[in-house]
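Participant: Here's a structure for you.
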Amino acid sequence: MGSVPTPREASSPTKTTVPTGGASEAGPARKAGTKAPGAKAPGLKSVDKETTAGIAFGFGAYGLWGLLPLYFFALMPAGPVEIVANRVVWSLVFCVLLITVTRSWPALATAFRDRSVFWTLALAAVLIAVNWLTYTYSVTTGQAVEASLGYFINPLVSVLLGVFILKERLRPLQWAAVGIGFIAVGVLTVSYGKLPWIALTLAVSFGLYGFVKNRVGPKVDAVTSLSVETMVLAPVAAATMVFLGMSGAATLTSQGAGHFWLLLASGVLTAVPLLFFGASARRLPLTTIGLLQYVAPVLQFIVALVVFREAMTTERWIGFGVVWLALLVLTVDMLRATRRNSVAKKRAQTAPHS
């Protein structure tokens, strides 16, 4: 899967877990205002347009991430290592062009000078490289169903990160969701005959990636962040491409012009969904973003079944069903907490001031 930031990357950094109901207010489009008697609600049309645009951008981002298996499948016979190496190099080229056009070089230089920012993003780069390699390997070896499972259970991993790293206290429904998630892993372990390591690696690496990225908060924008990460990975990726070329294992120039341009397009296909996500997160509440994130694994799951014809045994259906039950419980808790926060905020706004 692509570099998918958590919903809080484009928001104020209050907590780091993916949506579990901690906050519900988004940006300027969500600010409450009072309406004078007889006057029309100010900015109502603009709010509606902003919300519609936010949802469209959100579906665009998660839709592209969800359809990535089709792209990786089209890149065969390129292997996962070559695909990821090309993805890093051409993403860097695209980011350099984008930074030049937007004149964002000063922001990039600032990120490199700030050691805490740079080393945090360097760690994020390693985590996303692990995620990309694992995901590409799963798709190119006929295990896309298990890959989708990884992104389904990612919210549960994020909740656990909040407990063990941030020492957050979970609400009863959150604990229930985590418990159901552990049961699901047990069922799927029996179904697969082994621990679903692909799903767990994807969930843990991406959960940690989101957590680490949140450490830099608003200090860097999405394009600058992606640029630093790809610059960290680029020397290894370029060396890998050279090695594959010299050993005769590279497919970049040996499979025709179409294959060549498809590999080069990986830069665009990495950066564009990220930009869409940023545009969506600026316009929508975190709750909505948290619900939209399920679009990607749902599409991955459908592609794996319908297009790739991967097998799903009865035991695996049961395991996935338990996972979806855990996500349903987590989502209900998130919506309830969001509603309570909204009610409390309205009461605070309407309470008489002494």
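The values are calculated or read from the model by the stated rules, or taken from the named source; none is laboratory data. Nothing here was measured: the structure is a model prediction, and the numbers come from that model. We place every Cβ from the backbone using ideal geometry, glycine too, and count neighbours over all the protein chains shown. Note: areas computed on protein heavy atoms with side chains; ligands, DNA, RNA excluded. Shrake-Rupley method; radii C 1.70, N 1.55, O 1.52, S 1.80 Å.
Participant: Just the residues that are under 22 Å from residue 220 (Cβ atoms) and either without any contact (Cβ under 8 Å) to a residue 60 or more places away in the chain or open to solvent by 70 Å² or more (accessible area, probe 1.4 Å) (or both), please, taken from the range 236-274. Please lay out each step first, then the result.
Facilitator: Of the residues in the range 236-274, the ones under 22 Å from residue 220 (Cβ atoms) are 236-237, 267-274.
Matches in the range 236-274: 236 only.
Participant: Considering 160, 170, 200, which residue is in contact with a Gly (Cβ under 9 Å, 6 or more places away or on another chain) and outside any helix (DSSP H, G or I)?
Facilitator: Numbers: 160 fails: outside any helix (DSSP H, G or I); 200 fails: outside any helix (DSSP H, G or I).
When all the criteria are applied, what remains is 170.
Participant: Here's a follow-up. Confirm whether residue 222 is surrounded by fewer than 19 Cβ atoms within 10 Å (Cβ to Cβ) and within 22 Å of residue 135 (Cα to Cα). Steps first, answer last, please.
Facilitator: Numbers: surrounded by fewer than 19 Cβ atoms within 10 Å (Cβ to Cβ): no; within 22 Å of residue 135 (Cα to Cα): yes.
For residue 222, the condition - surrounded by fewer than 19 Cβ atoms within 10 Å (Cβ to Cβ) and within 22 Å of residue 135 (Cα to Cα) - is not met.
Let's see how each residue does on (1) within 16 Å of the chain's Cα centre (by Cα); (2) assigned to a helix (DSSP H, G or I):
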site	(1), (2)
118	no, yes
137	no, yes
145	no, yes
149	yes, yes
166	no, no
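Participant: Here's another thing I want to ask about it. Taking the range 159-212 as the search range and keeping residues that are of a type in the set (Phe, Trp, Tyr) and surrounded by fewer than 17 Cβ atoms within 10 Å (Cβ to Cβ), which one is farthest from residue 335 (Cα to Cα)?
Facilitator: Taking the range 159-212 first, the residues of a type in the set (Phe, Trp, Tyr) are 164, 175, 182, 192, 197, 206, 209, 211.
Checking the rest, the ones that are also surrounded by fewer than 17 Cβ atoms within 10 Å (Cβ to Cβ) come to 164, 175, 182, 197.
Values: 164: 23, 175: 16, 182: 22, 197: 31 Å.
Out of the qualifying residues, it is 197.
Participant: Moving on. Could you check the range 298-354 and list, in sequence order, the residues that are under 30 Å from residue 136 (Cα atoms), out of contact with any Ser or Thr (no Cβ under 8 Å at 6 or more places or on another chain) and not in a helix (DSSP H, G or I)?
Facilitator: 308, 309, 310, 311, 312
Participant: Determine whether the range 87-98 contains at least one residue that is within 28 Å of residue 309 (Cβ to Cβ) and either in a helix (DSSP H, G or I) or of a type in the set (Gly, Ala, Ser) (or both).
Facilitator: First, pick out the residues of the range 87-98 that are within 28 Å of residue 309 (Cβ to Cβ): 87.
Then drop every residue that is not either in a helix (DSSP H, G or I) or of a type in the set (Gly, Ala, Ser) (or both), which leaves 87.
Yes: the range 87-98 contains one or more residues that are within 28 Å of residue 309 (Cβ to Cβ) and either in a helix (DSSP H, G or I) or of a type in the set (Gly, Ala, Ser) (or both).
Participant: Test each condition in (1) in contact with a Phe, Trp or Tyr (Cβ under 8 Å, 6 or more places away or on another chain); (2) farther than 27 Å from residue 100 by Cα; (3) outside any helix (DSSP H, G or I) for residue 195 and report the one that comes out false.
Facilitator: Result: residue 195 passes all but (1).
Participant: Are any residues in the range 280-297 at pLDDT below 90, part of a helix (DSSP H, G or I) and open to solvent by 10 Å² or more (accessible area, probe 1.4 Å), and if so, which ones?
Facilitator: Quick first cut of the range 280-297, residues at pLDDT below 90 only: 280-293.
Subsequent filtering for residues that are part of a helix (DSSP H, G or I) retains 280-281, 286-292.
If the condition is that a residue be at pLDDT below 90, part of a helix (DSSP H, G or I) and open to solvent by 10 Å² or more (accessible area, probe 1.4 Å), then 286, 287, 288, 291, 292 are the ones that fit.
Participant: Whether any residue in the range 326-343 is surrounded by 13 or more Cβ atoms within 10 Å (Cβ to Cβ), among the polar types (S, T, N, Q), touching a helix residue (DSSP H, G or I) at 6+ places or on another chain (Cβ under 9 Å) and at pLDDT 85 or above is what I want to check. Give the steps one after another, and end with the answer.
Facilitator: Filtering the range 326-343 for residues surrounded by 13 or more Cβ atoms within 10 Å (Cβ to Cβ) gives 326-327, 329-339, 341-342.
Checking which are among the polar types (S, T, N, Q) leaves us with 331, 338, 341-342.
Filter once more, so that each one left must be touching a helix residue (DSSP H, G or I) at 6+ places or on another chain (Cβ under 9 Å): 331, 338.
Retained after the next criterion (residues that are at pLDDT 85 or above): 331.
For the range 326-343, residues surrounded by 13 or more Cβ atoms within 10 Å (Cβ to Cβ), among the polar types (S, T, N, Q), touching a helix residue (DSSP H, G or I) at 6+ places or on another chain (Cβ under 9 Å) and at pLDDT 85 or above: present.
Participant: Where the second residue is outside any helix (DSSP H, G or I) and the first is open to solvent by less than 30 Å² (accessible area, probe 1.4 Å) and lies in the range 83-106, which pairs have Cβ atoms under 7 Å and are six or more apart or on separate chains?
Facilitator: 83/75; 86/252
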